[in-house]
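Below you'll find the structure, written out as C-alpha cells, and then a few comments.
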Amino acid sequence: MEIAEAGSEKLAEFHERRFDPEYALAFNAWKTLDPINNPSAPPGPVHMPQYKNAEVEVSARLSQKAAEQFQSAVSIRDIADRYVHITVRLATVLLLTALGQRFRVMGPRIAILAIAPALLVFSAYPLVLYPRTWHECRCPNCIR
C-alpha cells in the first residue's frame, strides 16, 4: 500500500511542477481549503478567485476586435448595396430611353422620355454624395 501512495505522491508532484503559474497559484490556494475533507470548498482550482487565465483575456480582446471589424464590414456592405441600387436605377434610365424611342405615338413616347431624366437626377444625386472609397465613409464604425 505504501508503494502505491509513494508513486501517487511522486506523480502528483510531477504534475504540479508542470502547472501554469496562474493555475499553480489557484491550486495552492485551493489545497489550503482542504477540498478532500471540506465539502464547502470549490470543486476545483479554476473556481478559485485567484485563478486568472491570461488566454481568456486575450480571447475577449480579440473577440471585441472581431466584432468591431464585423460592424465595419456591415457598414461597408451597406454602401456597396446602395451603389448596386443606383446602378439598377441608371440601367432603368437606359432602358426607358431605348423603350421611349420605339414608340411611334408621341404621348407615350414623351411620357417615358420625361420619366427617364427624372430617374436620372434621382439616381445621380445620391451618387455624388456617397463615399467613393471605404476610407471616406462617415459611419461610426468606419471613422478612423
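Please report how far the C-alpha centroid of segment 1-74 lies from that of segment 103-117, rounded to the nearest whole angstrom.
Going from one Cα centre to the other spans 78 Å.
How much FRET efficiency would the formula 1/(1 + (r/R0)^6) give for residue 66 and residue 95, where r is the Cβ-Cβ distance and R0 is 35 Å, rounded to 0.05? Don't skip to the answer; put the middle values down first.
On the way: r = 43 Å, r/R0 = 1.21.
Rounded to the nearest 0.05, the efficiency is 0.25.
So, in nm, how far is label residue 115 from label residue 19 when the simple model puts each one 7 Å beyond its Cα toward the Cβ?
The answer from the label model is 7.8 nm.
Have a look at 108, 118, 90 and report the one farthest towards the positive end of the charge dipole of segment 69-129, computed about the Cα centre with Cβ charges (Lys/Arg +1, Asp/Glu -1).
Positive-most Cα among the choices belongs to 108.
Net charge near residue 97, counting Lys/Arg +1 and Asp/Glu -1 over other residues with Cβ under 14 Å of its Cβ? Mind dumping the intermediate values first?
Numbers: positive: 89, 102, 109; negative: none.
With Lys, Arg at +1 and Asp, Glu at -1, the net is +3.
Measure nothing fancy, just the Cα-based angle from helix 2-17's long axis to the longest principal axis of the chain, in degrees from 0 to 90, nearest 10.
40 degrees
Using the Cα centre as the reference, give the magnitude of the dipole from point charges on the C-beta atoms of segment 75-136 (Lys, Arg: +1; Asp, Glu: -1; all else neutral), rounded to the nearest 20 debye. Don't skip to the answer; put the middle values down first.
Numbers: 7 positive and 3 negative charges, 66 e Å.
Here segment 75-136 has a charge dipole of around 320 debye.
Using a Cα-Cα cut-off of under 22 Å, which lysines could be cross-linked to residue 31, ignoring same-chain neighbours fewer than 8 residues away?
Straight-line reach from residue 31, under 22 Å: 10, 52.
By how many degrees, between 0 and 90 and to the nearest 10, does the Cα long axis of helix 21-32 differ from the longest principal axis of the chain?
Roughly 50 degrees between the two axes.
Between residue 103 and residue 125, take the C-beta separation as r, use R0 = 41 Å, and let me know the FRET efficiency to the nearest 0.05. Show your work: numbers first, answer last.
Numbers: r = 28 Å, r/R0 = 0.68.
That pair, residue 103 with residue 125, gives E of 0.90.
None of the figures in this text is laboratory data; all of them are computed from the coordinates on show. This one's a predicted model, so the numbers in the text were calculated from it and none came from an experiment. Cβ: placed from backbone, ideal geometry, glycine included. Neighbour counts: every protein chain shown.
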